[in-house]
Amino acid sequence: MEIIHLSFECYPVAKAGGLGDVVGALPKYQVKAGHYAKVVMPMHRTKFLYQNDWDVDFKGRANLNNWWFDYTVIKERHNKLGFDLYLIDINGLLDRENIYGYGDDTQRYIAFQVAFVNWLDHWEHKPDIVHCHDYHVGLVPFIMKYSYQYNRLANIPTVLTIHNAQYQGWMGWDQSNLIPAWDSWKGGLLEWKGTINPLASAVKNAWKVTTVSWSYMEELRWNSNGLEALFEYERGKCSGVLNGIDADVWNPATDTFIEKNYNAGTVEKNKQVNKEALCKEFDLNPQKPLIVFIGRLVGEKAADLLPDAIASSLYGMQGYVNFLVLGSGEPNVEWQLKQLTQTFPGSYNAMIGYNEALSHRMYAGADFLLMPSRVEPCGLNQMYAMQYGTVPMVRSTGGLIDTVTDMGDWQGWGIRFDHANAGDIVHAVSRAVGLYYDDKKGLNRMRKHMMTIDNSWEKSVQQYLNIYQSIKF
Ligand code: ADP
């Protein structure tokens, strides 16, 4: 099968979160399974662009209303990522340093989508599947079906994968003329609650919809930032496919970022070596349990609870536990987390920013990884942690329910709690501290067990292929 993945992120080209990880891995494993998967994304000005060789594949011209623009499709020359990678450049609009966060993001998203559809319209053959990831490319299924200029593409099956339904790309009707002229009877298929909603439009128009865990799929029917009724109505074409982890990137036995490699057999000894190096770097005590948080410092991740929960834990259990935080996001949370380093030197530290290499060292060196998320579609951090023998401490929501069991359950290996509040986190911390000091044997059993759990992409790839097969001609 020929599958085109459309996305704004793809690791290691450009990544802001889990979306990038998935789009960097899924196509590679589809290729390994014997299919022809490609990624098409904007040409962001990232390091990857300058460090690799590119060929011009196509040059075209398209329009947003009466603004005409030229676009160029370039292809990475050496198949470095294990799949064909195409970048679309639109001068001045897509060739920027950041992936998101510009005042004209809506125009950028639409221009990328229009350029893609325009390019596809020039192909001599048709791909089997166009697989769209998140709302940034959510108008593509509609455009392919109902824009007059492109209705030659109407029969190509489209799949939408939702990595996060909180963000939907809302835009006013005054911008509707940016979408290539469409059948006005079909306006309802762009709309939700009075505005153009690209995510809702993709749910309505894609042939199949998936999200990245079963529990999140369920959750969307009662909690999806306004789209609940839509998910209820469309449930027949929706399913959950759990993300996998890319063992080429996330494997403590081969990871080149970490101090000492290890596997399930050597975790007990070698994890401590990684922990000592990490603690030295951040002025922490390697004899005490180390709890880390890695992620975006936003409400969804319940990062606002961290300062209070960490301070309360350290006051209550001072001398018995260490914390280390890596993340960036809301300035107020960043500031509070930074301030706290002055209150608890030697027991707490924080690195504000985005640092891929450090995240690897933290997964390897920590004893526990905290994820109090309010919303977690799948969550990759807990899966990486498990792969590195680090016990996940998670709130029971979305993908965290599907991937972590509580250590109180039979053969369980994690710590789960129900509420996103500081009290539940502090209680989870006390369970972690108890486990660390009072049940070393149990802790090591969990570590070894987690490291052998199969969270590979191979399983999920098959499920995606079954979905494609069900709609392919
Ligand atoms: P989301 O996509 O909602 O941010 P996920 O758990 O699906 O959450 O994926 C998060 C990914 O981003 C993981 O690979 C995690 O290690 C990485 N990550 C998040 N914040 C940082 C950071 N500040 N530095 C390095 N890696 C980070």
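The values are calculated or read from the model by the stated rules, or taken from the named source; none is laboratory data. Computed from a prediction, not measured in an experiment: that's the story for all the values here. As a convention, Cβ positions derive from the backbone with ideal geometry for all residues, glycine included, and neighbour counts pool all protein chains shown. The accessibility values were calculated without ligands, DNA or RNA, using every heavy atom of the protein model including side chains. Shrake-Rupley method; radii C 1.70, N 1.55, O 1.52, S 1.80 Å.
When segment 1-129 is described by a simple charge dipole with +1 on each Lys and Arg Cβ and -1 on each Asp and Glu Cβ, the residue from Ile129, His5, Gln30 located farthest towards its positive end is Gln30. Between the helical axis of 422-438 and the longest alpha-carbon principal axis of the chain there is an angle of about 50 degrees.
Look at where the Cα atoms of segment 113-190 and of segment 304-383 average out, and the two centres are 39 Å apart.
With angles folded into 0 to 90 degrees, how steeply does helix 267-281 sit against the dominant principal axis of the chain? Use alpha carbons for both and round to 10. The helix 267-281 is inclined about 90 degrees to the chain.
Accessible surface for Asp402 stands near 40 Å², nearest 10, in the context of the full protein assembly shown (1.4 Å probe). Once the mean of 1/r is taken over each pair of separate Cα atoms and inverted, segment 46-146 shows a Kirkwood hydrodynamic radius of 14.7 Å. For the chain, the longest principal axis of the C-alpha atoms and the axis of helix 306-316 are separated by about 10°. Here segment 1-50 has 57 percent of its accessible surface on carbon and sulfur atoms, given a 1.4 Å probe and all protein chains in place.
Note on Thr452: accessible area is roughly 100 Å² with a 1.4 Å probe, heavy atoms of protein only. Subtracting the Cα-Cα distance of Asp406 and Asn421 from their residue separation scaled by 0.36 nm leaves 3.6 nm. Can you find, among Asn421, Val433, Asn444, the residue sitting farthest towards the positive end of the charge dipole of segment 404-454, where Lys and Arg contribute +1 and Asp and Glu -1 at Cβ? Checking the options against the dipole of segment 404-454, the answer is Asn444.
Magnitude of the charge dipole for segment 294-354, about its Cα centre and with charges confined to Cβ atoms of Lys, Arg (+1) and Asp, Glu (-1), is about 140 debye.
Residues Val22, Val426, sorted by accessible area with the largest first, give Val426, Val22 [1.4 Å probe; ligands and nucleic acids excluded].
So for the chain: antiparallel DSSP bridges make up what percent, rounded to the nearest 5? Of those bridges, close to 30 percent are antiparallel. The heavy atoms of Thr158 present about 0 square angstrom of accessible area, all protein chains included, probe 1.4 Å.
Computed about the Cα centre, the dipole magnitude for the chain is approximately 620 debye when only Lys and Arg (+1) and Asp and Glu (-1) carry charge, each at its Cβ. Expressed as cubic angstrom per residue, what is the convex hull volume of the alpha carbon set of the chain? So the per-residue Cα hull volume is 143 Å³. Relative to the Cα centre, the charge distribution of segment 359-473, modelled as +1 at Lys and Arg Cβ and -1 at Asp and Glu Cβ, gives a dipole magnitude of about 260 debye. Calculated mean residue ellipticity, 222 nm, the chain: -11000 deg cm²/dmol, from DSSP H runs (n ≥ 4) at -39500 (n - 2.57) each, averaged per residue and rounded to 500. Are there trypsin sites (Lys or Arg not before Pro) in segment 87-193 that DSSP puts in a loop and that have at most 12 other Cβ atoms within 10 Å, and which ones? Here the sparse-neighbourhood loop sites are Lys193.
For segment 24-33, the Karplus equation 6.51 cos²θ - 1.76 cosθ + 1.60, evaluated at θ = phi - 60°, returns couplings of x, 10, 3, x, 4, 6, 5, 5, 4, 7 Hz by residue, with Gly and Pro reported as x. Positive-end ranking of Ala357, Gln462, Cys378 along the dipole of the chain, with charges on Cβ about the Cα centre, is headed by Gln462.
In this structure the chain gives 39 Å² per residue of accessible area when probed at 1.4 Å with all protein chains present.
Taking all Cα-Cα distances within segment 363-473, those exceeding 22 Å account for 35%. Under 15 Å of direct C-alpha separation, and excluding same-chain neighbours fewer than eight residues apart, Lys32 reaches these aspartates and glutamates: Glu2, Asp84, Asp246, Asp248, Glu458.
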